[in-house]
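Presented below is the structure to which this report refers.
The values are calculated or read from the model by the stated rules, or taken from the named source; none is laboratory data. These figures come from a predicted structure and were not determined experimentally. Here Cβ is always computed from backbone atoms with ideal geometry, including for glycine, and neighbour counts include all displayed protein chains. What goes into the accessible areas is simple: the full protein's heavy atoms, side chains included, and nothing from ligands, DNA or RNA. Shrake-Rupley method; radii C 1.70, N 1.55, O 1.52, S 1.80 Å.
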Amino acid sequence: MKIKIAENLGFCFGVKNAVGKAYEALNNSKFKEVYCLGEIVHNKQQVEELEKLGMKTIDEEDIDTIENSIIIVRAHGVADKIKQKIQKKNKLVDGTCPVLLAIYKQIHLYEEKGYTTIIIGDKNHPEIKAMESFSENSIIVTDEMQAKTITDRRKLFVVSQTTNKADFFNNISNIIRKNNDDVVIKNTICNATRKRQSSCEELSKQVDCMVVVGGFNSSNTNKLFQIADANCKMVFRIETVNDLPLQNLSNFNTIGVIAGASTPDSVIEEVVGSMDNFTSEDFMNSIEDSMKKVYPREIVKGKIIEVKDDELFVDIQYRSDGIVKLDEMTEEQKENPKEHFSIGDEIDVYVIKLDDGEGNVSLSTRRVEGLKSWKQLEEAFENEELVEGEVTGFNKGGLNVKVNGLNGFIPASHVATYFVKNFKKYVGETWKLKVLSVDERKRRLVLSRKDVMEDEIDNEWNNLHEGDIVKGTVARLTDFGAFVEIGALDGLLHVSDIAWTRVEDPADILKVGEELEVKVLKLNKEKNRISLCLKQITEKPFEKFVKDHEIGDVVKGKVVNLLAFGAFVELADGVEGLIHVSEISWFHVEKPSDELNIGDEIEVKIISVDSERERIGLSLKAMKEQPEKPKQAPRKPRVTKQVAKKKDDSFGDDALQNNLGLFIEQQLEESKNNEN
């Protein structure tokens with residue numbers, strides 16, 4: 001194995017300048033603390049080393065809380081107004097790259113001449129944000145599509161992010177030049193960046209494998225990786241020596257090493273030194289020691305070493321790298337792998353097979369969650385724990401459910417504790433289920449709702465008492481009533497207990513699926529029977545009527561029935577009163593039908609209320625004044641000859657007349673009383 005090191009690599013002048021100023025500041029004892037506004041360079045190892053010596057990394061919002069300290073501006077630079085803010089309470093150490101300072105001056109110069117600045121680069125990169133702050137009139141362009149939207153303009157000044165690839169910058173700037181007039185293009189790509197990119201391109205064409213060293217968040221290192229990837233079949237992107245894929249490097253005869261402009265010499269030396277120190281035998285032994293045992297159908301951890309549009313390369317510490325093809329990614333990951341994965345990320349992958357035919361391990365990210373779900377279901381089965389599932393469909397045999405993202409099945413006999421004819425109504429519902437059997441290899445999962453219901457039934461029977469008011473759901477309707485589900489229990493609401501009024505058909509009042517409160521009338525656990533009542537939780541019509549009315553009130557009603565002794569009048573739903581035949585008219589009424597018809601709407605007066613027997617007495621004649629009796633001449637009583645002949649002092653003509661008159665008055669009074 002031969003190692004070739006790129007001619008240009010590691011710290012550029014700008015980074016050396018910033019890091020050097022940081023070390024000087026840490027040795028300055030005149031100030032309380034040393035801070036750096038943002039990471040001084042995009043290299044975790046360098047930042048950590050400076051922080052161990054006492055430097056603290058802060059954000060812009062922290063500036064107001066700091067005073068009498070040193071604040072270093074990182075190599076990427078910051079807005080001028082931020083520098084001015086720092087100088088009010090603290091000492092400013094400006095670590096901005098000299099190349100960027102020169103670009104700021106160029107922007108200011110051309111904008112004074114009336115030019116609009118076009119900045120080509122990543123709008124989220126701190127270097128671009130700082131560059132934009134020194135411009136009063138600028139446009140940031142990140143790709144060709146944006147460049148093509150800039151047309152028919154005059155006086156444009158085009159500059160570049162210092163870490164851009166030359167061909168990328170030239171392509172976009174030429175598009176802008178073509179579509180506009182008076183365009184000045186200034187290639188502001190850092191000379192050190194150009195040299196490193198040129199060295200990378202040249203070296204990557206000469207070797208079997210490239211190792212690109214630098215921070216995973218470093219823009220210039222990422223550009224080097226892209227160049228190497230375009231010219232070499234195998235490229236490894238690492239941050240430190242710990243990321244070296246030893247088991248893979250033994251497969252190559254020549255290995256090239258390049259490092260980004262923000263990579264410290266110490267990191268580069270450690271990487272190259274660790275590779276140089278191995279003899280062939282030592283190297284192979286190290287590889288054997290570092291390799292893991294990997295088996296199909298298991299989940300392992302790996303580190304991403306390359307991301308492409310249609311596949312993902314993962315180092316799983318095995319003799320071969322792993323590949324995740326597009327169809328083995330989740331639906332979300334498939335849309336744009338580069339948005340979901342980054343080089344250096346550690347992820348879980350499912351091992352499909354150890355050799356995909358090209359010497360690589362076939363991996364999957366899509367199956368990771370699936371396998372975890374199967375294991376969770378196996379644990380639930382062994383521990384007799386319940387799982388949650390959503391009903392997604394049905395067939396003649398039962399219900400299809402989704403549990404932890406996996407497809408399962410509930411046989412018809414395990415849907416409920418009672419016979420179910422219509423499965424469609426359950427689609428979309430979520431239930432607690434018991435695992436009956438689970439087989440990951442056969443992708444078979446069988447569950448039961450009935451077993452859960454039976455367990456719940458025992459608990460619910462113990463918590464249910466006669467007289468309780470409970471919530472339930474109408475499960476099905478019959479001619480004689482409705483069956484109501486109360487949790488896992490099933491109770492009967494008889495048609496006579498639905499409402500205080502007569503109910504011909506329960507469907508006129510209730511609907512399947514309707515939620516309602518009912519009262520428990522009777523319980524019979526042995527026969528699994530529950531009698532329910534709906535009407536008793538509402539106020540009785542008679543009681544409500546009596547509460548709102550009293551004797552003497554005039555009310556409206558409708559004649560609903562006529563009998564020999566009187567007429568029944570409906571006063572409200574479920575409330576009837578009786579007009580006795582003697583209360584229909586002040587004159588004698590032979591039968592009620594002589595004066596009234598069924599359906600007549602009339603006004604009556606309440607004359608009596610019997611709450612115990614729930615009877616209300618009504619009067620129609622009381623709605624009118626009692627007529628005066630007509631005056632009649634006294635009639636001479638008829639006297640038989642036998643009586644007339646018998647004359648004595650005790651039964652003479654006068655006495656007979658008086659007794660007869662008394663008899664007639666008694667009869668009239670008795671008749672009147674009978675009428676009343």
task = Considering every residue within region 368-378, establish whether at least one is open to solvent by less than 50 Å² (accessible area, probe 1.4 Å) and closer than 13 Å to residue 302 by Cβ.
result = yes
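If the requirement is being under 26 Å from residue 480 (Cβ atoms) and surrounded by 19 or more Cβ atoms within 10 Å (Cβ to Cβ), which of these qualifies: 532, 571, 618?
Exactly one of 532, 571, 618 is under 26 Å from residue 480 (Cβ atoms) and surrounded by 19 or more Cβ atoms within 10 Å (Cβ to Cβ), namely 532.
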note = Filter region 253-271 for residues that are closer than 14 Å to residue 6 by Cβ and of a type in the set (Ser, Thr, Tyr); the one that is least open to solvent (accessible area, probe 1.4 Å) is 263
remark   = Of (1) touching a Pro at 6+ places or on another chain (Cβ under 8 Å); (2) farther than 26 Å from residue 425 by Cα; (3) among the hydrophobic types (A, V, I, L, M, F, W, C); (4) open to solvent by less than 20 Å² (accessible area, probe 1.4 Å), residue 542 fails just (1)
Helices (runs of 4 or more DSSP H) within region 1-110 that include 3 or more residues touching a residue at least 24 places away in the same chain (Cβ under 8 Å) and hydrophobic (A, V, I, L, M, F, W, C) = 13-26
remark   = Residue pairs within 6 Å by beta carbon, gap of at least six or interchain, first lying in region 553-566 and under 14 Å from residue 598 (Cα atoms), second open to solvent by 70 Å² or more (accessible area, probe 1.4 Å) and among the hydroxyl-bearing types (Ser, Thr, Tyr), listed first then second, are none
So residue 576, is it under 27 Å from residue 538 (Cα atoms) and within 60 Å of the chain's Cα centre (by Cα) = yes
task = Inspect all residues belonging to region 138-146 and state whether any of them is among the hydroxyl-bearing types (Ser, Thr, Tyr) and closer than 23 Å to residue 95 by Cα.
result = no
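Of all residues in region 168-197, which are of a type in the set (D, E, K, R) and either surrounded by 18 or more Cβ atoms within 10 Å (Cβ to Cβ) or within 22 Å of residue 111 (Cβ to Cβ) (or both)?
Residues satisfying the conditions are 177, 181, 182, 186, 196.
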ask   = Of all residues in region 123-177, which are assigned to a helix (DSSP H, G or I), closer than 20 Å to residue 194 by Cα and β-branched (Val, Ile, Thr)?
value = 128, 172
key: Residue satisfying condition, being open to solvent by less than 30 Å² (accessible area, probe 1.4 Å) and in a loop (DSSP other than H, G, I, E, B), within set 357, 344   = 344
query = Can you tell me which residue in region 430-452 is most open to solvent (accessible area, probe 1.4 Å), limited to those that are free of Cβ contacts under 8 Å to residues at least 40 places away in the same chain and in a helix (DSSP H, G or I)?
reply = 450
remark   = If we keep only residues of region 1-15 that are open to solvent by 40 Å² or more (accessible area, probe 1.4 Å) and out of contact with any strand residue (DSSP E or B) (no Cβ under 9 Å at 6 or more places or on another chain), then the residue nearest to residue 257 (Cα to Cα) is 7
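Matching residues to (1) open to solvent by 70 Å² or more (accessible area, probe 1.4 Å); (2) over 41 Å from the mean Cα position of the chain (by Cα):
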{"residue": "35", "(1), (2)": "no, yes"}
{"residue": "38", "(1), (2)": "no, no"}
{"residue": "65", "(1), (2)": "yes, no"}
{"residue": "75", "(1), (2)": "no, yes"}
{"residue": "81", "(1), (2)": "yes, yes"}
request  = For region 574-592, name all the residues that are of a type outside the set (A, V, I, L, M) and either open to solvent by 50 Å² or more (accessible area, probe 1.4 Å) or within 19 Å of residue 500 (Cβ to Cβ) (or both).
outcome  = 574, 576, 577, 580, 586, 587, 588, 590, 591
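Only one residue in 505, 455 is over 30 Å from residue 572 (Cβ atoms), out of contact with any strand residue (DSSP E or B) (no Cβ under 8 Å at 6 or more places or on another chain) and either touching a residue at least 12 places away in the same chain (Cβ under 8 Å) or open to solvent by 40 Å² or more (accessible area, probe 1.4 Å) (or both). Which one?
Answer to the check: 455.
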query = Can you name every residue in region 470-508 that is farther than 30 Å from residue 433 by Cβ and of a type in the set (Asp, Glu)?
reply = 479, 497, 504, 505, 508
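Select, from 18, 25, the only residue that is touching a Gly at 6+ places or on another chain (Cβ under 6 Å) and surrounded by 15 or more Cβ atoms within 10 Å (Cβ to Cβ).
18
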query = If only one of 276, 229, 265 is of a type outside the set (S, T, N, Q) and closer than 21 Å to residue 345 by Cβ, which one is it?
reply = 229
ask   = Can you name the residue in region 362-384 that is among the charged types (D, E, K, R) and assigned to a helix (DSSP H, G or I) and, of all such residues, is nearest to residue 337 (Cα to Cα)?
value = 366
ask   = Does residue 227 count as out of contact with any Pro (no Cβ under 7 Å at 6 or more places or on another chain) and open to solvent by less than 10 Å² (accessible area, probe 1.4 Å)?
value = no
key: Which numbered condition residue 239 misses (of (1) open to solvent by 60 Å² or more (accessible area, probe 1.4 Å); (2) among the charged types (D, E, K, R); (3) over 27 Å from residue 327 (Cα atoms); (4) at pLDDT 80 or above)   = (1)
task = Please find, within region 235-258, the residue that is nearest to the chain's Cα centre (by Cα) out of those that are in a loop (DSSP other than H, G, I, E, B) and under 11 Å from residue 212 (Cα atoms).
result = 239
query = For region 1-56, what are the residues that are modelled with pLDDT under 85 and among the basic types (Lys, Arg)?
reply = 2, 30, 32
request  = Working only within region 593-615, note down all residues that are surrounded by 13 or more Cβ atoms within 10 Å (Cβ to Cβ) and β-branched (Val, Ile, Thr).
outcome  = 602, 604, 606, 607, 609
key: Selection within region 168-196 - at pLDDT 90 or above and within 29 Å of residue 234 (Cβ to Cβ)   = 168, 169, 170, 171
ask   = Given the structure, is residue 398 out of contact with any Cys (no Cβ under 8 Å at 6 or more places or on another chain), without any contact (Cβ under 8 Å) to a residue 60 or more places away in the chain and exposed (fewer than 14 other Cβ atoms within 10 Å of the Cβ)?
value = no
key: One residue from 466, 515 being within 20 Å of residue 422 (Cβ to Cβ) and at pLDDT 85 or above   = 515
note = Within region 140-167, the residues that are open to solvent by 40 Å² or more (accessible area, probe 1.4 Å) and either in contact (Cβ under 8 Å) with a residue 24 or more places away in the chain or of a type in the set (S, T, N, Q) (or both) are 142, 143, 144, 146, 148, 149, 151, 152, 153, 154, 155, 165
